[in-house]
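All remarks here apply to the structure that follows.
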Amino acid sequence: MSDTRPIVVVTRQLPAPVERHAAGLFDVRLNATDTPLTAEQLGEAMRTADALLPTVTDAITAAILGISPRRVRIVANFGVGYNNIDVATARSLGIVVTNTPDVLTDDTADLAMTLMLMAARRAGEGERLVRAGAWTGWRPTHMLGTRVSGKTLGILGLGRIGRAVAKRASDGFGMRVIYFDPPVPIGEARACGASPRESIEDVLRESDFVSLHMPASPENRHLMNADRLAIMPRHAILINTARGDVIDEAALTVALERGTITAAALDVFEREPAVNPALTKLENVVLLPHLGSATTEARVAMGERALTNLETFFSGTPPRDRVA
Ligand code: 8YV
């Protein structure tokens with residue numbers, strides 16, 4: 001008997017419970033080898049499936065969305081960020097797009113704090129020293145970092161994750177939190193301990209740490225450019241768990257090499273998985289492989305949220321996390 005359920009192409013391997021659940025709900029095409037699909041394979045999926053469940057590693061371009069003949073009616077992204085999808089084209093073609101907000105907020109905020117602490121306390125550098133067998137023993141002036149508690153944290157982009165970071169920093173570390181994100185109501189910002197500033201530059205000038213939490217967009221591309229990096233105090237540390245292209249990576253590399261800022265801690269990069277080789281040679285930068293939401297809890301919840309969006313859509317109701 002043929003399977004009449006919607007055909008859903010899942011582009012990457014998902015946590016096993018999510019794949020099992022997906023197989024119970026839909027006629028799923030899983031990716032057993034976890035190899036990223038090529039543009040041709042994505043195009044083929046657009047022609048033959050009813051839905052696509054992609055991740056940040058799949059570029060769902062205008063060309064792929066516009067493929068003819070096309071069968072896909074919904075793209076349920078696995079991730080809160082959806083800059084991998086040409087949302088404007090999807091909208092114009094009547095293809096629904098959803099994301100997975102909320103369920104990874106705490107995990108990503110935790111990772112931003114991890115990066116802040118690692119960079120401030122030179123944790124990566126210290127670990128490399130110990131592993132290299134190069135630690136010669138304790139001494140009062142060895143590998144001094146900078147205190148986090150009580151310092152000023154500047155947040156650019158006070159959405160869900162930015163607020164969760166603000167709360168951790170103010171409640172847990174007694175930090176003074178300032179931010180720039182004009183659409184956010186001041187009352188909501190105050191609830192997570194954050195005070196507004198009038199411009200990005202005002203935040204950069206005053207902050208000991210700066211954490212980036214804006215979405216990727218053409219306007220936000222290279223938001224942290226050479227000029228803005230130059231505004232940060234010499235002792236400042238820059239943290240990025242948002243998207244790689246909000247920082248001009250070449251300009252950041254120069255700033256770190258010259259010591260015009262003290263350190264950076266990056267979970268995301270301009271051309272993932274490639275990392276500017278010059279960055280990998282620097283001790284004053286923490287480099288993680290896009291681990292923001294990488295907990296079992298978050299990844300299972302993200303998968304479930306994407307499945308709920310698909311189920312809702314195929315039951316004829318607008319999905320809760322619709323972004324196009
Ligand atoms: C995800 C992320 O792992 O959700 C996001 O926007 O950046 C990550 O936490 C990734 O997008 C998975 O597709």
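What follows is calculated from the coordinates using simple rules that are stated; it is not laboratory data. Owing to the predicted nature of the structure, the values given are computational and were not obtained by experimental measurement. Every residue, glycine as well, gets a Cβ built from its backbone with ideal geometry; the counts of neighbours run over all protein chains shown.
See the values below:
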item	result
Residues whose placed amide H lies under 5 Å from that of I85, excluding near-sequence neighbours	I60
GNM flexibility winner over the chain from T105, T295, T33 (Cα, springs under 10 Å)	T33
Largest to smallest principal axis extent of the C-alpha atoms in the chain, angstrom	74, 49, 32
Per-peptide average of other Cβ atoms within 10 Å, ordering 159-169, 37-47 highest first	159-169, 37-47
Table column - 3J(HN,Hα) (Hz), segment 313-323, Karplus curve with 6.51, -1.76, 1.60, x for Gly and Pro	4, 6, 8, x, 10, x, x, 4, 9, 5, 10
Qualifying GluC sites (Glu not before Pro) in segment 211-286, DSSP loop, other Cβ atoms within 10 Å at most 10	E219
Net charge, V103 excluded, C-beta distance under 11 Å - Lys, Arg +1, Asp, Glu -1	-3
Protection proxy ranking, peptides 125-137, 17-29, average beta carbon neighbours within 10 Å, highest first	17-29, 125-137
